[in-house]
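Structure record follows, encoded as structure tokens.
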Amino acid sequence: MSTAFDTTASKSEVYQPSREILESVQASDYLELREEALQDPLSFWDRQAKELLDWYEPYQQIFDDSNRPFFKWFTGGKINVVHNALDRHVKSWRKNKLALIWEAEDGEQRTYSYFKLWKEVNRFANILKSMGVKKGDTVTIYMGRVPEMPIAMLATAKIGAIHSVVYGGFSEQALADRIDDAKSKVVVTCDGSWLRGKTVNLKDIVDEAIARSPVVQRVIVLKRTGQEVNMVPDRDFWWHELAALPIAGPYCETEPMDAEDPMFILYTSGTTGKPKGLMHSCGGYLVHIAATLKYAFDTREDDRWWCAADPGWITGHSYIVYAPLILGLTSFMYEGAPGYPYPDRWWQQVEKYGITLLYTAPTAIRGLMRFGDAWPARHDLSSLRILGTVGEPINPEAWRWYNVNIGKERCPIIDTWWQTETGGFMITPTPIIPLKPGSATLPFAGVEADVVREDGSSCNPDEDGYLVIKHPVPGMARTIWGDPDRFVQTYWSDFEKQGWYFSGDSARKDEDNYFWIIGRMDDVIKVSGYRLGTAEVESALVSHHAVAEAACIGVPDELRGNVIRAYCILTAGVSGSESLEDELKAHVRHEVGPIAVPASIEFVDSLPKTRSGKIMRRLLKAKVLGQPVGDTSTLEA
Ligand code: PRX
């Protein structure tokens, strides 16, 4: 249970949709739709698949559960995301509509019409082909938050290759592990990225990662910062130089994909050090993300959508890149961090670009809230229509601040619960659902979720339990790349008898059946909404010569949700010091990335372990939080 906040405090606080919202909302029949979908989820998804997407060839079967839990959706159908996100729009009046507005940290601004984006994607798709990338190959993308990142993703998908985007905040070992696991022969990167006025040396990190994982044959480098980088002849190529060659022709055929062909892999943290590459498919994923965005945010043709995540996370994949383009929206993307270089940068951007829908994480809201109410008050935020949040439970205080200071008490707050594994929203309100601060409210139409006990029986109202999904939904990951057994073991074994998916989260439902997410039950820590496995940080620590053993836990933090606290047993002859603590922090930063750096490291002589040798992190945590330690019968004597 890893939340810093008491989310139960506000259960009686209910916000009814305003009359203005009720009168203006497009999907005013959502509740009936949801009711129908409860009875017949397949018909609901079938309708969405037909209404929202174009198929090259129609599917023969909506859902195939003949090989549980490797479920299939829309089998026999042929589709490509790029056909739906770009090709079809450039043939329509949307050709000249803005697809993407981008602002750099230094204020530079770029816009892409659907036509321009389509052109760039065609060109880069041809570049990838010229580098030998074929249908079914994997391409690792490791970039800053620049328009070329979605361009590289779309270009990969266009030719039927599989992208594996690695968040630009990860470092050498994390990148090497992911390249290695995906066996990517091609990596797309930047010379560097901008973060808070400083450059991050992405290309240097790629070079080091390749030295650790020599599967890579070609690296395409976008010039972003202009810093000095080492270009290896015949391996490394500048994007702009390739784009000037005849190989980068302006047209590339889009590859029709089988609905169940892999579309992308996205790595996320689990209970072991090895990252899990969740594999998403070409058909069901698109249906799920398009339908959820459309209903939850009641999207309209003239909306300006800002999902303030990074395209390198699932939030960015689904709701910066793919769903908004499928729906033909105009998206905004900002290169920098919230509140940089000044506290009202975001609010200035909302005003400047007339953002209507803003979707972000509680940690960003808490960070901006810290600067005070005066910053948003300087700006005209009246374009905003609907707000959203994702990634961790939102504490009621942050919810209210967001509601009053940003939404001016007129904008519903759409608290979306979902995961890398689910591909799209699972539990979420739409603007017509009454809201309770801190609750993601109700399962989306066509999603059957519940909170259950270990034996599978449903919990009583307000009883903590396991958050499960009782019937698969189209967007859920199909497997873990290269490790189907781990997929079964991780998600489908806890409730094997019932055939349910276990999310790894604990939650409770209240008397109105509203869901309240409590937090992760496994060894995953959410730091500033980012998901980290304790094992990843621990293996980085023990890779330092001074550390013999390490254990990490998440400790509640007012701003970041949780921070990491590490315990280290040092190798014989080494003694703990402040400078060693700093050195170990720098080491974790170098190996995994800045998000994984422990807030504090304690040097200890022993760690609590079970008799079979497993570290009992739960005991370390109980001690820090001053909580009862619970059952210690398996503790080593
Ligand atoms: O613990 C839940 C939390 O984030 C986890 C999934 O993390 P990740 O795969 O990185 O995806 C994040 C973006 C979808 C979940 O298991 N989580 C996500 N959304 C919420 C949440 N916790 C509470 N409320 C949410 N709205």
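The values are calculated or read from the model by the stated rules, or taken from the named source; none is laboratory data. A quick note: this is a predicted structure, and the numbers were derived from the prediction, not measured. Neighbour counts are summed over all protein chains in view; Cβ atoms, including those assigned to glycine, are modelled from backbone coordinates with ideal geometry. Ligands, DNA and RNA are stripped out before the accessible areas are found, and what is left, the full protein with its side chains, is counted by its heavy atoms. Shrake-Rupley method; radii C 1.70, N 1.55, O 1.52, S 1.80 Å.
Numerical summary
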item	result
Over region 116-169, relative contact order from alpha-carbon pairs under 8 Å, at least 6 apart, %	44
Rounded if a/c under 1.5, otherwise prolate or oblate - region 22-100, Cα gyration tensor axes	oblate
Signed unit charges on C-beta, dipole axis of the chain, positive-most listed residue 545, 630, 291	291
Unsatisfied cross-links (Cα-Cα over 25 Å) in the set 294/408; 95/185; 526/609; 129/198; 203/585; 185/294	95/185; 129/198; 185/294
Inter-part distance where region 128-202 and region 511-565 are each reduced to a Cα centre, Å	26
Apportionment of accessible area to carbon and sulfur, the chain, percent (1.4 Å)	49
Relative contact order (%) - criterion: Cα under 8 Å, at least six apart; region: region 34-190	16
Linear extension gain, residue 409 paired with residue 513, 0.36 nm per residue minus alpha-carbon span	35.0 nm
The chain: C-alpha gyration tensor shape, a/c 1.5 cut-off, then a/b vs b/c	rounded
Probe 1.4 Å, accessible area per residue of the chain, Å²	37
Label-reachable residues, region 535-555, where backbone N falls under 19 Å from a point 7 Å from residue 583's Cα toward its Cβ	538-551
Shape category assigned to region 350-509 from the gyration tensor of Cα positions, a/c cut at 1.5	prolate
14 Å beta-carbon shell around residue 549, net charge (K/R +1, D/E -1)	-1
Full-stretch length increase - residue 227, residue 609 - with 0.36 nm per residue and alpha-carbon distance subtracted	132.8 nm
Stretchable slack from residue 180 to residue 631, in nm (0.36 nm times residue separation minus alpha-carbon distance)	158.4 nm
Relative contact order computed over the chain (Cα-Cα under 8 Å; 6+ residues apart), in percent	15
Area accessible to solvent at residue 90, 1.4 Å probe radius, in Å²	20
C-alpha center-to-center spacing [region 442-498, region 359-430] in angstrom	27
Burial ranking of peptide ranges 20-30, 330-340 (average Cβ count within 10 Å, highest at the top)	330-340, 20-30
Sequence of 521, 231 when ordered by accessible area, the most exposed leading, probe 1.4 angstrom	521, 231
Helix-only mean residue ellipticity at 222 nm for the chain, each DSSP H run of n ≥ 4 adding -39500 (n - 2.57), per residue, nearest 500	-7500 deg cm²/dmol
